[in-house]
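**Student:** Right, I'll just put the structure down here and ask away after.
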Amino acid sequence: MSQIFPESFLQEVMDRNDIVDTVSRYVKLKRSGSSMKGLCPFHKEKTPSFTVSPDKQLFFCFGCQRGGTIVNFIMLAENLDFVEAVKYLSDQAGLAIPEPSGAVEGEREKLRQTIYKINSVSGRFFYECLLADEGKAASDYIASRGLSQKTISRFGIGFAPEGNRLLAHLRDNGFDDEEIVQSGMAVRNDSGHIYDRFRNRLMFPIIDMRKNIVGFGGRVMDDTTPKYLNSPETVAFSKSYNLFGLNLAKNTKDDFLILVEGYMDVISLHQHGIDSAVATLGTSLTPEQARIIKRRKSEVIIAYDSDEAGQNATKRAIELLCEEDVVVRVLTVPGAKDPDEYIKKHGAGAFRALINSAKLQIEYKISKLQEQYNLDNTEDKVKYINSLATEFAKIKSPVEREIYVNRLASETGISASSILSEIDRLNIANERRTRAGAFRGVAPVGSLKTSDPKKENIVRAQRLLLCLMCADATVSEAAGSQLDSSDFEEGVNRTLFNLILSIRASGGEPDARLIVSQTEDAACAARILHDDQNIEDKPLAAKELIRLIIRERMVKKLFETATSSDVSQEQRICEMEKCLRKEVGTNE
Ligand SMILES: [Zn+2]
């Protein structure tokens, strides 16, 4: 079905519409481990069996067996067909439907892939320059900032030398000038002359969730301006849709993300084991980034610089994150200008203590307003109360609101009831339109249950392995070398096995949403791919699953040999022996 739209367009539609955001308009979702749970909108139930995976961007209901991507959800929820649902979602994201020919999209996608390759070659080049003699000053500088060799390779930090060395290197690697300019790694001036964009700078690759280098940040090591220079916006890179460090921070065990200002803050915190730090890309937080953050964690700790610019950026970030219903706390670094300086001076333990004592955003705002106004002055006092009433109006919990109102009342001597009536007035003005979710009957997809419990076990093993193959390249490689498609149950399992291997074989990173879109039975594919059962050591689990599947293959073969009539007794014994020997082999 996805053939109607180019794959890249479908991907963009799904990138721009977060499944948690969209589903939340119909269903109240609660976090449960790595996924979200709620009461299914498609069948009647009292205990939630409807799950959404923010990571995989898929949904599945264990009650009525409906599932799929955000497109499948909208098809069901709004009773639309596939094309209508994609149009609905692209409208919602303000995207234009591509020309039917798809030729333009195809070109765009080709260029995007080329830019990924150029960036990857550039990243390696910068890294090697840093290790070479010419990178001596840069590596001395990095050492003076306290970064270890492990950190340098973890973040792929490099050095862009003087001259047009990268340009020459990219040409040597077969890229043409037009592609190099389009990637932003080189600039063409008015007279048509092409030169390296980044010179004599420390280079930080910006890496997306699919491990592509989408752009670079370059930092000077002296007082040259600009201090930071980023890749320009390209078809592969948008500053407002990426966060520096999220490719690593997405695996953190912390329940929150820490939002810091600079790349060096992120790198320094990660080196000290605070692996939940991310940064925006030289701009203030965007609504898109706030949404990306919300997809990962329900709490954010803002740890911006202590100067005025940092504090103003903190206020803006609070607004955007609160709009996404993210719990926001604000961390202030005492006696240091930024988290990097603080953690180097005082260590990870002290920084963890700051995290634990970070103020809820409302407390932070109250203390800022207290600094701003002189409460002995009547005019200031009125302004102070009005500013806080505006903040309190945004608090959703009535209990929480009452606590703050009472506190303000006793602090200012104004009665709680007049503060509350001011809040009511503000709330009526702000009243938001709420959507009524109306669901029309849609037939459920076929049940996944089989009557044979033993077969169910092996099918389950296949499915978990497929999920791990989608998430992990080494698992995919192991499965691809030891199993073939006949080891998988006919239908969705076999289709997924072939699909994942072919994507991996062409060097791609499988995108669960696109795979589900390409599968006939989207609900079943979503069920398989959306839940990796929180397995930490995927290769180890996969080894066991592969062993189970091979064992099943042997048993089948033995059974066939034993019951076949056109094989001699001698041949039968020989075959069985072979099978048994192999089976023992796989146990080692
Ligand atoms: Zn359901």
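**Student:** Filter the range 267-298 down to residues that are β-branched (V, I, T) and within 19 Å of R219 (Cβ to Cβ), then give me how many there are.
**Tutor:** 4
**Student:** Within the range 185-212, how many residues turn out to be open to solvent by less than 30 Å² (accessible area, probe 1.4 Å) and within 24 Å of the chain's Cα centre (by Cα)?
**Tutor:** 5
**Student:** Mind listing whichever residues of the range 53-95 are of a type in the set (S, T, Y) and assigned to a loop (DSSP other than H, G, I, E, B)?
**Tutor:** Selection gives T69 alone.
**Student:** For the range 473-503, give me each residue that is touching a Pro at 6+ places or on another chain (Cβ under 7 Å) and at pLDDT below 90.
**Tutor:** Result: I503, single match.
**Student:** A further question on this structure: Go through the range 389-412 and give me each residue that's of a type in the set (S, T, N, Q) and either in contact with a strand residue (DSSP E or B) (Cβ under 9 Å, 6 or more places away or on another chain) or open to solvent by 50 Å² or more (accessible area, probe 1.4 Å) (or both).
**Tutor:** Correct list: T390, N406, S410.
**Student:** Restricting the range 60-76 to residues that are among the aliphatic types (A, V, I, L, M) and away from the ligand (no atom under 12 Å from the Cβ), which is nearest to M36 (Cα to Cα)?
**Tutor:** The extreme case among them is I70.
**Student:** Restricting to the range 12-29, count the residues that are under 18 Å from H43 (Cα atoms) and either assigned to a loop (DSSP other than H, G, I, E, B) or open to solvent by 40 Å² or more (accessible area, probe 1.4 Å) (or both).
**Tutor:** 6
**Student:** Right, here's the next one. Based on what the data block shows, is T412 at negative phi and touching a helix residue (DSSP H, G or I) at 6+ places or on another chain (Cβ under 9 Å)?
**Tutor:** For T412, the condition - at negative phi and touching a helix residue (DSSP H, G or I) at 6+ places or on another chain (Cβ under 9 Å) - is met.
**Student:** V86 passes all but one of (1) of a type in the set (V, I, T); (2) open to solvent by less than 50 Å² (accessible area, probe 1.4 Å); (3) within 16 Å of the ligand (Cβ to nearest atom); which number fails?
**Tutor:** (3) is the only condition that V86 fails.
**Student:** E560 is checked against (1) open to solvent by 60 Å² or more (accessible area, probe 1.4 Å); (2) among the charged types (D, E, K, R); (3) in contact with a strand residue (DSSP E or B) (Cβ under 9 Å, 6 or more places away or on another chain) and fails just one. What number does that condition carry?
**Tutor:** Only one criterion in (1) open to solvent by 60 Å² or more (accessible area, probe 1.4 Å); (2) among the charged types (D, E, K, R); (3) in contact with a strand residue (DSSP E or B) (Cβ under 9 Å, 6 or more places away or on another chain) is unmet by E560, namely (3).
**Student:** Hey, can you tell me all the residues within the range 33-59 that are near the ligand (Cβ under 9 Å from one of its atoms) and touching a residue at least 60 places away in the same chain (Cβ under 8 Å)?
**Tutor:** P41, F42, H43
Each row is one residue, and each column tells you yes or no for (1) open to solvent by 40 Å² or more (accessible area, probe 1.4 Å); (2) within 25 Å of the chain's Cα centre (by Cα).
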| site | (1), (2) |
| --- | --- |
| I74 | no, yes |
| L95 | no, yes |
| E109 | yes, yes |
| T114 | no, yes |
| E128 | yes, no |
| Y141 | yes, no |
| S148 | yes, no |
| G156 | no, yes |
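**Student:** Restricted to the range 14-35, and to residues that are aliphatic (A, V, I, L, M) and under 15 Å from the mean Cα position of the chain (by Cα), which residue is farthest from D255 (Cα to Cα)?
**Tutor:** Among those that are aliphatic (A, V, I, L, M) and under 15 Å from the mean Cα position of the chain (by Cα), it is M14.
**Student:** For the range 293-308, indicate whether the set of residues that are open to solvent by less than 30 Å² (accessible area, probe 1.4 Å), in the same structural domain as D254 (by TED's automatic domain parsing) and within 20 Å of S35 (Cα to Cα) is non-empty.
**Tutor:** Scanning the range 293-308, I find at least one residue that is open to solvent by less than 30 Å² (accessible area, probe 1.4 Å), in the same structural domain as D254 (by TED's automatic domain parsing) and within 20 Å of S35 (Cα to Cα), so the answer is yes.
**Student:** Would you mind finding the one in G349, G310 that is free of Cβ contacts under 8 Å to residues at least 12 places away in the same chain and within 31 Å of the chain's Cα centre (by Cα)?
**Tutor:** G349
**Student:** Scan (1) closer than 30 Å to N17 by Cα; (2) open to solvent by less than 20 Å² (accessible area, probe 1.4 Å); (3) touching a Phe, Trp or Tyr at 6+ places or on another chain (Cβ under 9 Å) for the single condition P339 breaks and write down its number.
**Tutor:** Unmet for P339, out of (1) closer than 30 Å to N17 by Cα; (2) open to solvent by less than 20 Å² (accessible area, probe 1.4 Å); (3) touching a Phe, Trp or Tyr at 6+ places or on another chain (Cβ under 9 Å): (1).
**Student:** Here is a further query. Taking the range 404-426 as the region of interest, how many residues are among the small types (G, A, S) and not in a helix (DSSP H, G or I)?
**Tutor:** Total meeting the criteria: 2.
**Student:** Go through the range 250-274 and count every residue that is aliphatic (A, V, I, L, M) and either assigned to a loop (DSSP other than H, G, I, E, B) or touching a residue at least 60 places away in the same chain (Cβ under 8 Å) (or both).
**Tutor:** The number of residues fulfilling the criteria is 6.
**Student:** Consider the range 484-542. How many of its residues are assigned to a loop (DSSP other than H, G, I, E, B) and either within 22 Å of E456 (Cα to Cα) or not assigned by TED's automatic domain parsing to the domain that holds A473 (or both)?
**Tutor:** 13
**Student:** Collect the residues in the range 457-502 that are open to solvent by 40 Å² or more (accessible area, probe 1.4 Å) and β-branched (V, I, T), keeping them in residue-number order.
**Tutor:** The answer is T474, T495.
**Student:** Something else now. Taking strands (runs of 3 or more DSSP E) that do not extend beyond the range 152-231, which have at least 2 residues that are small (G, A, S) and closer than 26 Å to S139 by Cα?
**Tutor:** So the answer is 158-160, 213-219.
**Student:** Would you check if there is a residue in the range 67-87 being farther than 24 Å from R210 by Cβ and in contact with a Gly (Cβ under 6 Å, 6 or more places away or on another chain)?
**Tutor:** no
**Student:** What number of residues in the range 30-44 are open to solvent by 20 Å² or more (accessible area, probe 1.4 Å) and part of a loop (DSSP other than H, G, I, E, B)?
**Tutor:** 7
**Student:** Kindly list the number of the only condition in (1) closer than 30 Å to D338 by Cβ; (2) touching a residue at least 60 places away in the same chain (Cβ under 8 Å); (3) not acidic (D, E) that fails for G158.
**Tutor:** Going through (1) closer than 30 Å to D338 by Cβ; (2) touching a residue at least 60 places away in the same chain (Cβ under 8 Å); (3) not acidic (D, E) one by one, G158 breaks only (2).
The values are calculated or read from the model by the stated rules, or taken from the named source; none is laboratory data. Quick caveat: nothing in here was measured; it's all calculated off a predicted structure. Neighbour counts run over all protein chains shown; Cβ positions are idealised from the backbone, glycine included. The accessibility values were calculated without ligands, DNA or RNA, using every heavy atom of the protein model including side chains. Shrake-Rupley method; radii C 1.70, N 1.55, O 1.52, S 1.80 Å.
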